Amino acid sequence: MFQFIESICCVNKELRNLAYHQARFDRTRSDNFNDSTPILLQEIIQFPSDLTDEKYKVRIVYDREILSIEFQPYHIKPISTIKLFTIENKIEYTYKYLDRWFFDEYLKEAQTDDLVLVKSNYITDCIYSNIIFFDGENWFTPRSILLKGTMRESLLNEGKIKEKNIKVSDLVNYQSFKRINAMMNFDESQEISILQLF
């Protein structure tokens, strides 16, 4: 049986983008398990008594039921190296699986801090994040993503980023990029020159 993971940002004792996580959690369970009983994350997540206002990753492992919930102190790690990396067309990542061995293999092979994954010549995601590109006026995220990230969905709905197809050959039209995920919002994410990919 597959196991899945949901990583939620808790900062100032508040769960960020919880509605988006709930929607993905519900969709994953509905698609993979018949007759799964609804679970409300807001009710099941209990804050530890020693929780501070610092940032934590709330790591939820589940299959049909919740298997574990952990609060892990979290600090964003800046990166210095990142590369384009072509993946096989058969790789699918519709759901956020607990076992993402193929990502670990990619990083080991490329020997870099992170990778911008390319599939059929289209930009998809980074290893543990979605990606957005700045053209000097607007921020865009690839339409050909592997996983619908909660931060990406939130920023799209807020109108802070726009969606479009981005090929490798289109990268010359952008100045910089950011990696975004549940733990790194638009303002927190490191902005990186597009030249890092060439």
Legend entry - Within the chain, helix-based [θ] at 222 nm, where runs of 4 or more DSSP H residues each add -39,500 (n - 2.57), nearest 500: -5500 deg cm²/dmol
Inset, instruction - Can you send over the carbon and sulfur percentage of the accessible area for the chain, probe radius 1.4 Å, protein chains only? - result: 46
Legend entry - Per residue solvent-accessible surface (Å²) - region 1-81, probe of 1.4 Å: 61
Legend entry - Label point distance in nm, Ile79-Leu195, each placed 7 Å from Cα along Cα→Cβ: 1.9
Inset, instruction - Starting from the Kirkwood radius over alpha-carbon pairs of the chain, derive D by Stokes-Einstein at 25 °C in a medium of 0.890 mPa s and give it in µm² s⁻¹. - result: 138
Legend entry - Square roots of 5 times each gyration tensor eigenvalue, C-alpha, region 1-111, largest first, Å: 26, 22, 11
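The values are calculated or read from the model by the stated rules, or taken from the named source; none is laboratory data. Note that the structure is predicted; figures quoted are calculated from it, not measured. Because the Cβ atoms are built from the backbone with ideal geometry, glycine has one as well, and the counts that use them run over all protein chains shown. Only protein heavy atoms, including side chains, enter the accessible area calculation; ligands, DNA and RNA are left aside. Shrake-Rupley method; radii C 1.70, N 1.55, O 1.52, S 1.80 Å.
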